[in-house]
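Since the structure comes first, as structure tokens, the remarks are kept for the end.
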Amino acid sequence: MASQTEAPNMPSLQDMQRWTWVIGRAQQLMLEHGVEMAMKAGEAPAAPGVLPNFAEGSALVEAATDFWSENLKLWQRFLTPGGDTGSPQTPVKDKRFAAPEWSEHPVFDLIRQSYQLIASHMLNAVDLVDGVDEAEKQKLRFATRSVVEAMSPSNFAFTNPQVMKKTLETGGENLLRGLEHMLRDMRQGQLTHVQPGAFELGRNIATTPGKVVKRAPLYELIQYSPATDTVYETPLVIFPPWINRFYILDLSPEKSFIRWAVEQGLTVFMVSWKSADASMKDVIWDDYVAAQIDAIDTVRELLGTESAHTIGYCVAGTTLAATLAVLAGKGEAEKVKSATFFTAQVDFTHAGELKTFIDDEQLKLLESLAPEGFFDGRYMAATFNLLRGRDLVWNYVVNNYLLGQDYPAFDLLHWNGDTTNLPAKWHRAYLTDLYRDNKLAVPKALTVLGVPLDLHAVTTPAYVQAGREDHIAPVESVWKITDHFSGPLRFVLAGSGHIAGVVNPPSAGKYQYWTNDKPVESLDEFIAGATETKGSWWPDWLAWLDRQSSVKVPVKGARVPGKGKLNAIEDAPGSYVRAK
């Protein structure tokens, strides 16, 4: 009798051929029939008015024929005694199937190859459908990918060799632990990505020293303690996404953009947005723009400077663009010395898969989820997780529910699950006015704080960073900023995506970035002539910022949190970031 620590006894190739022959032969007959029907469909004329684009010789008919033929060949290889499955010559690049059993054991090799064949044809078929506008095709593409990812054999205990082996080794304890994990997630209404209790604000994340120097109804203003004897005269005000916690820029000390910026001699202020509750049911975009202007004015007055550098991350970058347009319209553009945009969009023509969530049915659903006037951030988190379902959903289903593994202690994943509620009225307007109707890109189509917005009036020097693999703000969409701003602009394309492309400290030595100092008219032209630089783009940004204003001053008075006109209210990271 085999011990529980030994690998399970799997059937030999000869056994597998014997007990799969009948079902294999049946499937083979169906595949042959499918090929025959596909060929006949290609020969028959299309019925008038019914699927008019599925005509003779269409790409869909050819794809269907290819699918049945390839499936037939796959089964023939596995059912022929001594036949070659082809796996050893075909390296498995999909990390879901990285375990050797997926290639070395014939049963699981067949399961894997069958799935990958079906998945490939399902995804390719979407692009072959004619007569459907691009918006509908995008929805179909997203839905198809979601189904394909969900149906992966790696997601089910009895078709995943790692799970079967683990179950036998532990006597089923892995499934019990996984059940505990699943029930806990169901109680909290959110998928867990990180070990509970592993991180605590102010202890091992969001630890950069500073003070809250202002508390407004919509935000807290944090001023960070200087780390150098002299600092740049022009301060820096950072606006993080109001759909996330600000400490994405202040994770562990070695990853913290804030700590790094302070160490470079910048006087850094961070806006920490309040998580919405019922009291914020009437908050709209104007309020967030007004809050950004208020924060800029507060910092200018506190330090006695004419202007401030600004950073807007993601949706806060969109809001910063509106803020710049408002200031330009009021003749107050000089308040902002420069504006930096981290993966931000102002023109949503190419906004990517998030646009699949803004049809009328989705908007009605969102309204039903916000009866008290605010939108629970867990729903937004689930949406973003679905955009990377393979990595942020199904990977954890396998590891934590099926294998019963402990959660990792990863600060970025902790932040990802620390959700923020949104004002429902503003959330709906953001999706309709910007994502759906793209009004910000149309001069004077939107009015904020009484000023018709015209992005072409913005002449503030801008540094625009995009992530090459960004699935939330695609690089093609971020690039569109260059079509609207009229001032000097530096575009930088960073390696990786929406988060890792931004949070990439120089000390890590990871990724790369691309720049192109020549005048270009398109993203393709930028990429074609771009120069690649290894490592972080942060030093490039600092050099650019220095060119905007290089004057430095001694650290004294209001440069130290709480020593100026604004008293210190409490230590960073403050109270708003802790509110649920």
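Things worth noting here:
- Within the range 333-353, the set of residues being at pLDDT below 95 and closer than 10 Å to P474 by Cβ comprises H350, A351, G352, E353.
- Verdict on G352 being open to solvent by less than 50 Å² (accessible area, probe 1.4 Å), small (G, A, S) and at positive phi: yes
- Residue count, the range 195-222 (criterion: within 28 Å of N400 (Cβ to Cβ) and out of contact with any Ser or Thr (no Cβ under 7 Å at 6 or more places or on another chain)): 11
- Selection count where residues are under 23 Å from the mean Cα position of the chain (by Cα) and more than 25 Å from F491 (Cα to Cα), scope the range 431-481: 5
- Some residue of the range 137-152 being more than 30 Å from H350 (Cα to Cα) and assigned to a helix (DSSP H, G or I): no
- Yes/no for L566 being touching a strand residue (DSSP E or B) at 6+ places or on another chain (Cβ under 7 Å) and within 15 Å of F342 (Cα to Cα): no
- Test: residue in the range 212-224 that is open to solvent by 10 Å² or more (accessible area, probe 1.4 Å) and farther than 29 Å from M280 by Cβ: no
- Restricting the search to helices (runs of 4 or more DSSP H) fully inside the range 473-561 and requiring at least 1 residues that are more than 30 Å from P226 (Cβ to Cβ) and touching a strand residue (DSSP E or B) at 6+ places or on another chain (Cβ under 7 Å) gives 475-479, 523-528.
- Among the candidates K552, K534, K563, the residue that is at pLDDT 95 or above, surrounded by fewer than 17 Cβ atoms within 10 Å (Cβ to Cβ) and in contact with a helix residue (DSSP H, G or I) (Cβ under 8 Å, 6 or more places away or on another chain) is uniquely K563.
- Any hit, the range 157-178, residues being under 27 Å from D376 (Cβ atoms) and part of a helix (DSSP H, G or I): yes
- Set side by side, the residues T482, T419 differ, and just one is within 30 Å of E254 (Cβ to Cβ), touching a helix residue (DSSP H, G or I) at 6+ places or on another chain (Cβ under 9 Å) and at pLDDT 80 or above, which is T419.
- Here L175 clears all of (1) touching a residue at least 40 places away in the same chain (Cβ under 8 Å); (2) open to solvent by less than 30 Å² (accessible area, probe 1.4 Å); (3) in contact with a helix residue (DSSP H, G or I) (Cβ under 7 Å, 6 or more places away or on another chain) except the condition numbered (2).
- Any hit, the range 137-153, residues being closer than 26 Å to Y401 by Cα, open to solvent by 30 Å² or more (accessible area, probe 1.4 Å), out of contact with any helix residue (DSSP H, G or I) (no Cβ under 6 Å at 6 or more places or on another chain) and charged (D, E, K, R): yes
- You will find that of T228, T208, the residue that is closer than 18 Å to G557 by Cβ and either outside any strand (DSSP E or B) or in contact with a strand residue (DSSP E or B) (Cβ under 8 Å, 6 or more places away or on another chain) (or both) is T228 and no other.
- Tally of residues being part of a helix (DSSP H, G or I) and either open to solvent by less than 20 Å² (accessible area, probe 1.4 Å) or of a type in the set (F, W, Y) (or both) across the range 446-472: 1
The values are calculated or read from the model by the stated rules, or taken from the named source; none is laboratory data. For clarity, every value in this text was computed on a predicted model and none was experimentally measured. As a convention, Cβ positions derive from the backbone with ideal geometry for all residues, glycine included, and neighbour counts pool all protein chains shown. Side chains are part of the model used for accessible areas, which takes the heavy atoms of the whole protein and leaves out ligands, DNA and RNA. Shrake-Rupley method; radii C 1.70, N 1.55, O 1.52, S 1.80 Å.
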